[in-house]
1. Checking I72 against (1) surrounded by 13 or more Cβ atoms within 10 Å (Cβ to Cβ); (2) under 30 Å from T160 (Cβ atoms); (3) hydrophobic (A, V, I, L, M, F, W, C), only one condition comes out false. Which one?
2. Can A89 be described as among the small types (G, A, S) and modelled with pLDDT under 95?
3. For residues in the stretch 15-26 being more than 14 Å from A56 (Cβ to Cβ) and outside any strand (DSSP E or B), which is most open to solvent (accessible area, probe 1.4 Å)?
4. Which residue pairs have Cβ atoms closer than 9 Å, lie 6 or more positions apart in sequence or on different chains, and pair a first residue in the stretch 126-155 that is on the phi > 0 side of the Ramachandran plot with a second residue that is open to solvent by 80 Å² or more (accessible area, probe 1.4 Å)?
5. So, G35, is that one of a type outside the set (F, W, Y), under 30 Å from C16 (Cβ atoms) and open to solvent by 40 Å² or more (accessible area, probe 1.4 Å) or not?
6. Among F58, F101, which is of a type in the set (F, W, Y), in contact with a strand residue (DSSP E or B) (Cβ under 6 Å, 6 or more places away or on another chain) and open to solvent by less than 40 Å² (accessible area, probe 1.4 Å)?
7. Conditions first: (1) over 30 Å from T24 (Cα atoms); (2) modelled with pLDDT of 90 or more. V157 passes all but one, so which condition is the exception?
Amino acid sequence: GGYVEGAGNYMEGSTCHFIAIAATGYTFVNWTEDGEEVSTENDYGFTVTSNRSLTANFLINTYEITAESDPIEGGFIMGTGEFHYGETATVRAYPNDTYYFINWTENGNVVSTQSDYSFQVTGDRHLVATFAQSCYVVAVDIEPREGGEVFGAGNYVEGTTCRLEAQAALGYVFSNWTENGI
């Protein structure tokens, strides 16, 4: 959790200063002696009157990992919450029907293109799972070409209704729709 400076031999009546320095990912809590708190200051000074054995107490830092879906209806996320410094967090993005996962971003920067994103926790993080709707192209041909016009072809989001309308040219009659020659 950290280390201490200042331990050693001191003459009676001299002033001793202990300094507790937290390691990365830890926070100094207090000094204790025989299980009793003697100070909450990381720089603890006292006049030496006897032998003393002090303990510097540290706690591992806890960080919040949050995430959101963009768009909200695109999917849901699992794996967020509180984690200790150095732990591995894994957030998972699950697309809803008609959506697919694109990437994870943080502050507008892409951090992963995998729906399961694992990383070592070193601080608070807010991630965005980006989803997009599945989109399909509806293309049409007219046989014979001069036989008329078709309206409604284009790009359609999965699950939406595509309505094609055939208008026969003068001298032609609409016969039927076929797909892949059938």
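The values are calculated or read from the model by the stated rules, or taken from the named source; none is laboratory data. Fair warning: this is a prediction, and the values are worked out from it, not measured in the lab. Neighbour counts are summed over all protein chains in view; Cβ atoms, including those assigned to glycine, are modelled from backbone coordinates with ideal geometry. For accessibility, only protein heavy atoms count, side chains too; no ligands or nucleic acids. Shrake-Rupley method; radii C 1.70, N 1.55, O 1.52, S 1.80 Å.
1. (1)
2. Numbers: among the small types (G, A, S): yes; modelled with pLDDT under 95: no.
When the stated conditions are applied, A89 does not pass them.
3. T24
4. Listed by first residue and then by second, the contacts come to G148/Q167; G148/Y172; G148/F174; G152/R163; G154/V137; G154/A139.
5. Values: of a type outside the set (F, W, Y): yes; under 30 Å from C16 (Cβ atoms): yes; open to solvent by 40 Å² or more (accessible area, probe 1.4 Å): yes.
Against the criterion (of a type outside the set (F, W, Y), under 30 Å from C16 (Cβ atoms) and open to solvent by 40 Å² or more (accessible area, probe 1.4 Å)), G35 qualifies.
6. On the way: F58 fails: open to solvent by less than 40 Å² (accessible area, probe 1.4 Å).
Only one candidate qualifies: F101.
7. (2)
Every residue, every condition in (1) among the β-branched types (V, I, T); (2) outside any strand (DSSP E or B), yes or no:
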position	(1), (2)
V4	yes, no
N9	no, yes
G13	no, yes
F28	no, no
E41	no, yes
T49	yes, yes
